[in-house]
Amino acid sequence: MNGDGKKPPMISVQDLWKAFGANQVLTGINLDVEEGSTCVILGGSGSGKTVLMKHMIGLLKPDRGKVVVDGEDIVPFDERDLERVRRKFGMVFQGAALFDSMTVYENVSFALREHSDLSEDQIRAKVREKLGIVGLRNVEERYPAELSGGMRKRVGLARAIVLDPKIVLYDEPTTGLDPITTDYVDDMILTAKRELQVTQVVISHDIASSFKVADKVAFLFKGQIVAEGPPQELRHSEHPELKHFLQMWFGKS
Ligand SMILES: Nc1ncnc2c1ncn2[C@@H]1O[C@H](COP(=O)(O)OP(=O)(O)O)[C@@H](O)[C@H]1O
Ligand SMILES: [Mg+2]
C-alpha cells in the first residue's frame with residue numbers, strides 16, 4: 001500500500017519509447033493498470049497497440065522508459081527473469097490459436113504438463129475448474145473444429161488461465177468476429193474479471209466492445225496515450241482524434 005492507502009498499479013508503463021529504424025512507434029507512453037481492473041487500449045490499426053503489449057511481457061525492449069509489473073521494472077531483466085515474470089501472464093490471442101489436432105482437454109492441460117508436476121487426477125480437476133469458469137461443460141474430448149467460434153475463444157481463455165495468472169492480456173479478441181460471437185467474448189472478459197479478480201489488458205479497435213468491458217479506456221494515438229478514463233467519461237471526450245474515432249462508431253450525435 002502507498003501512503004494514501006491505494007494499492008500500487010499491477011502494471012505501470014512510464015515514458016516508454018520504441019522505434020523500429022525510422023519508424024517512431026511509441027513516443028512516451030504513460031499508463032497505469034490497477035490491480036483487478038480491466039483496461040482497454042484503443043487505437044487505430046498500426047498505432048502500436050501490439051508493440052505496447054509486447055513490452056508488458058518483455059517480448060520487446062524499449063529504447064527508453066520503464067515497465068513495472070507487479071512491483072518490478074522488467075526492462076533490464078534477462079530471459080531467465082523474464083520467464084518468471086511471464087508466468088504471471090495469460091495470453092489470449094486473436095484467433096483462439098488452439099492446437100487443432102488436440103482435444104480441448106489436451107489444449108487446456110498443455111501448460112500444466114509443461115510447468116507443474118500435478119498428477120493426472122489433479123490436472124483433470126484443474127482443467128474442469130477452468131472450463132467451468134469460462135462456462136464450458138462436457139467439451140473435454142471434443143476437437144476445436146467441432147466447436148463454435150465463441151466456444152473456441154472460451155477454450156483459449158481457459159488455457160490462458162490454467163496456471164492461475166495474475167494478469168490476462170487479450171490482443172484484439174473480437175476482431176473479425178460476428179456480433180453474436182463478439183458479445184460472447186465480451187461476456188467472457190467480464191466473467192474472468194468477476195470470477196478470477198485478475199488484472200486484464202485488452203487491445204481493441206472495437207469501440208462498442210471496449211466500452212462494455214473496460215473499467216478504463218486508454219486511447220493510443222501517435223505513440224502516446226492521449227486520453228484515458230472510464231468509458232462514460234471518454235464517450236464525451238473533447239480530444240479531437242478520439243472524437244473522430246468515436247464518431248465513426250456512434251455517429252455524429
Ligand atoms: N518487430 C517489428 N519490427 C519492425 N516494425 C514493427 C515490428 N512490430 C511492429 N512494427 C511496426 O510498429 C507499428 C505498430 O505496430 P502494431 O503494434 O502491430 O500496431 P497495432 O496497433 O495494429 O497492434 C507498425 O508500423 C508496425 O509495422
Ligand atoms: Mg495489433
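Read the figures in this text as sums done on the coordinates, not as results from a lab. In this text the structure is predicted, and so the values were computed from the model without any measurement. Counting neighbours? That spans all protein chains shown, and the Cβs are built from the backbone with ideal geometry, glycine included.
For the cross-link pairs Lys7/Lys49; Lys18/Lys212; Lys130/Lys153; Lys193/Lys216; Lys88/Lys193; Lys7/Lys88, the ones whose C-alpha atoms lie over 20 Å apart are Lys7/Lys49; Lys18/Lys212. Within the chain, antiparallel bridges make up roughly 55 percent of the DSSP beta bridges whose residues both belong there.
Its convex hull of Cα atoms gives the chain a direction-averaged projected area, equal to a quarter of the hull surface, of 15.2 nm². Net charge around Trp17, counting only other residues with Cβ within less than 9 Å of its Cβ (Lys, Arg = +1; Asp, Glu = -1)? After counting each charged neighbour, the total is 0. Assuming a ≥ b ≥ c are the square roots of the Cα gyration tensor eigenvalues, decide whether segment 97-184 counts as rounded (a/c under 1.5), prolate (otherwise, with a/b larger than b/c) or oblate. Verdict is prolate for segment 97-184. Normalised radius of gyration (Cα atoms, divided by 2.2 N^0.38 Å) for segment 1-112: 1.22.
Calculated [222 nm] ellipticity per residue, helices only, for the chain: -11000 deg cm²/dmol; basis is -39500 (n - 2.57) per DSSP H run with n ≥ 4, divided by all residues, nearest 500. Hey, if you put +1 on the Cβ of every Lys and Arg and -1 on every Asp and Glu Cβ in segment 81-210, which of Pro173, Leu98, Val134 ends up farthest toward the positive end of that dipole? The listed residue farthest towards the positive side: Val134.
Taking Cα atoms only, the orientation of helix 179-196 departs from the longest principal axis of the chain by about 80 degrees. Working ranking of peptides 122-130, 84-92, 35-43, 231-239 by packing, defined as the average number of other Cβ atoms within 10 Å per residue, highest first, is 35-43, 84-92, 122-130, 231-239. Under a model in which nothing but the beta-carbon of Lys, Arg (+1) and Asp, Glu (-1) is charged, segment 1-153 shows a dipole of about 340 debye around its Cα centre. Calculation over all alpha carbon pairs of segment 153-217 in 10 angstrom steps from 0 returns a P(r) of 21, 61, 18, 0 percent. Based on Cα contacts under 8 Å between residues 6+ apart, the chain shows a relative contact order of 26 percent. I'd like the FRET efficiency for Asp78 and Glu141, computed as 1/(1 + (r/R0)^6) with the beta carbon distance as r and R0 of 45 Å, rounded to 0.05. After rounding, the FRET efficiency stands at 0.65.
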